[in-house]
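Written out below as structure tokens is the structure these notes cover.
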């Protein structure tokens, strides 16, 4: 009970701190979206960018229990889209390996396989975290060259990209995972939601940005 009350107070504090939408420039949005793998429509009013960790239990909960992206798409349709980025705020045992794998799968297999990979990892992590030993099977099934993949994972440029995405999250005060920045691409306003809040919190934030 005490733990629940503490978390409620903690989350409420963030709600108060980030109650009002903040300004963001068109160039800052362009930087966030540069090279991003977009789910759903490209030209929308609202974009949700999740900075996440495929080993994070709250991130798994947001994906599988709250089903944020499915519920938001049902409610707002083609007026919203979604981007997944990596944030190794906490280095769980396989945080880096899974993030680097995702980035290399994207490089070698395009956006569709990047999206497929992180959805598979999170979807199959509810009871037990997705083991990295399954990654070779994903590569074979999707016809990605193993030697090229291994070289990409070892490439310092891939690690630099992971660090860049993590720093981008920190720039917008997203220290924890999952952290979601919600952008209004028309008004150039944004707000953030950290942790695995109920869907109502995201709807409240989106509606505030649409007013």
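Overview of results
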{"item": "Residue match in segment 25-33 (condition: under 19 Å from residue 80 (Cβ atoms), in contact with a helix residue (DSSP H, G or I) (Cβ under 8 Å, 6 or more places away or on another chain) and at pLDDT 95 or above)", "result": "yes"}
{"item": "Failed condition for residue 62, given (1) part of a helix (DSSP H, G or I); (2) closer than 20 Å to residue 184 by Cβ; (3) in contact with a helix residue (DSSP H, G or I) (Cβ under 7 Å, 6 or more places away or on another chain)", "result": "(2)"}
{"item": "Long-range neighbours under 8 Å by Cβ, at least six apart or interchain, first residue more than 13 Å from residue 63 (Cβ to Cβ) within segment 37-53, second surrounded by fewer than 17 Cβ atoms within 10 Å (Cβ to Cβ) and at pLDDT below 95", "result": "40/78; 41/78; 44/78"}
{"item": "Selection from segment 192-211 of residues that are under 15 Å from the mean Cα position of the chain (by Cα) and over 30 Å from residue 139 (Cβ atoms)", "result": "192, 193, 194, 195, 197, 202"}
{"item": "Total residues in segment 74-88, condition crowded, with 18+ Cβ neighbours inside 10 Å and out of contact with any strand residue (DSSP E or B) (no Cβ under 6 Å at 6 or more places or on another chain)", "result": "3"}
{"item": "Candidate set from segment 35-45 (those that are modelled with pLDDT of 95 or more and more than 15 Å from the chain's Cα centre (by Cα)); member that is surrounded by the most Cβ atoms within 10 Å (Cβ to Cβ)", "result": "44"}
{"item": "Answer residue from segment 142-167, given it is closer than 15 Å to residue 109 by Cβ and loosely packed, with under 11 Cβ neighbours inside 10 Å and is farthest from the chain's Cα centre (by Cα) among those", "result": "147"}
{"item": "Qualifying residue in segment 171-193 (condition: closer than 25 Å to residue 78 by Cα and assigned to a helix (DSSP H, G or I))", "result": "no"}
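Condition check ((1) in contact with a helix residue (DSSP H, G or I) (Cβ under 6 Å, 6 or more places away or on another chain); (2) in a helix (DSSP H, G or I); (3) within 24 Å of residue 181 (Cβ to Cβ); (4) in contact (Cβ under 8 Å) with a residue 60 or more places away in the chain) across all residues:
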site: 84; (1), (2), (3), (4): yes, no, yes, no
site: 109; (1), (2), (3), (4): no, yes, no, no
site: 117; (1), (2), (3), (4): yes, yes, yes, no
site: 133; (1), (2), (3), (4): no, yes, no, no
site: 149; (1), (2), (3), (4): yes, yes, no, no
site: 157; (1), (2), (3), (4): no, yes, no, no
site: 162; (1), (2), (3), (4): yes, yes, yes, yes
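The values are calculated or read from the model by the stated rules, or taken from the named source; none is laboratory data. As the structure is a computational prediction, the values presented were derived from the model and not from experiment. No Cβ is skipped: glycine too gets one built from the backbone with ideal geometry, and neighbour counts run over all protein chains shown.
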